[in-house]
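The values are calculated or read from the model by the stated rules, or taken from the named source; none is laboratory data. Keep in mind the model is a prediction, meaning the values are calculated, not measured. Note that each Cβ is placed from the backbone with ideal geometry, even for glycine, and that neighbours are counted across all protein chains shown.
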Amino acid sequence: MTTTLYDIPVNAINGSSTTLRPFEGKVLLIVNVASKCGLTPQYGGLQALYEGKRERGLEVLAFPANNFKGQEPGIDDEIQAFCTGTYGVTFPLFSKISVVGEDQHPLYQVLTEAQPQAIGDGPFRDRLKGHGIEPNAAPDVLWNFEKFLVSREGKVVARFSPNVETNDEALVAAIDAELAKG
């Protein structure tokens, strides 16, 4: 049997071991998140997207990561309390992982290999350089709030730069196109 995206072990935010198998057949938007980032307000947009499209089959899956300037220093309980208390997050949260580097989680190895380039990352690369930050080279995740869109069949069909907002026309159109296939 071939290992799929759904078979990769992950931990829920409460620490319990699981996989993405419960989300098989859904359209997934997988996002690496952080609580102390300039992009953190995207949690609100992700929640709105989830509420607006969940009944049609969208699942937003958030993976906290502390890879970028220490912007997710909290432990899982603190992260969950922040997300639910500040942004009313009800979409699934997972335990903190590494999305780049030698300790990159296997899920992000699969995601970045499947979609090595993010849509719209040029301006964000320039923005990071303007702050004196040397951006990661593709296929590595550029920063917090990079978004991977996964079809109902488990295929990574698109990747969006961290600065692509949740109401961006290209992102919404890509999600809607995948939902329409269901």
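Structure notes:
- Meets criteria (of a type in the set (A, V, I, L, M, F, W, C) and farther than 25 Å from Leu171 by Cα) for Ala12: yes
- Once the range 126-156 is narrowed to residues that are free of Cβ contacts under 8 Å to residues at least 40 places away in the same chain and within 18 Å of Asn32 (Cα to Cα), the residue that is surrounded by the fewest Cβ atoms within 10 Å (Cβ to Cβ) is Ala137.
- Spans of helices (runs of 4 or more DSSP H) in the range 68-161 with at least 2 residues modelled with pLDDT of 95 or more and farther than 23 Å from Tyr43 by Cα: 106-114
- For the range 22-36, the tally of residues that are under 18 Å from Lys96 (Cα atoms) and either surrounded by fewer than 18 Cβ atoms within 10 Å (Cβ to Cβ) or touching a strand residue (DSSP E or B) at 6+ places or on another chain (Cβ under 7 Å) (or both) stands at 7.
- Some residue of the range 43-50 being out of contact with any strand residue (DSSP E or B) (no Cβ under 9 Å at 6 or more places or on another chain), surrounded by fewer than 20 Cβ atoms within 10 Å (Cβ to Cβ) and free of Cβ contacts under 8 Å to residues at least 24 places away in the same chain: no
- Any hit, the range 29-36, residues being in contact (Cβ under 8 Å) with a residue 12 or more places away in the chain and part of a helix (DSSP H, G or I): no
- Criterion violated by Glu55 - all others in (1) in contact (Cβ under 8 Å) with a residue 12 or more places away in the chain; (2) of a type in the set (D, E, K, R); (3) under 20 Å from Thr166 (Cα atoms); (4) surrounded by fewer than 21 Cβ atoms within 10 Å (Cβ to Cβ) satisfied: (1)
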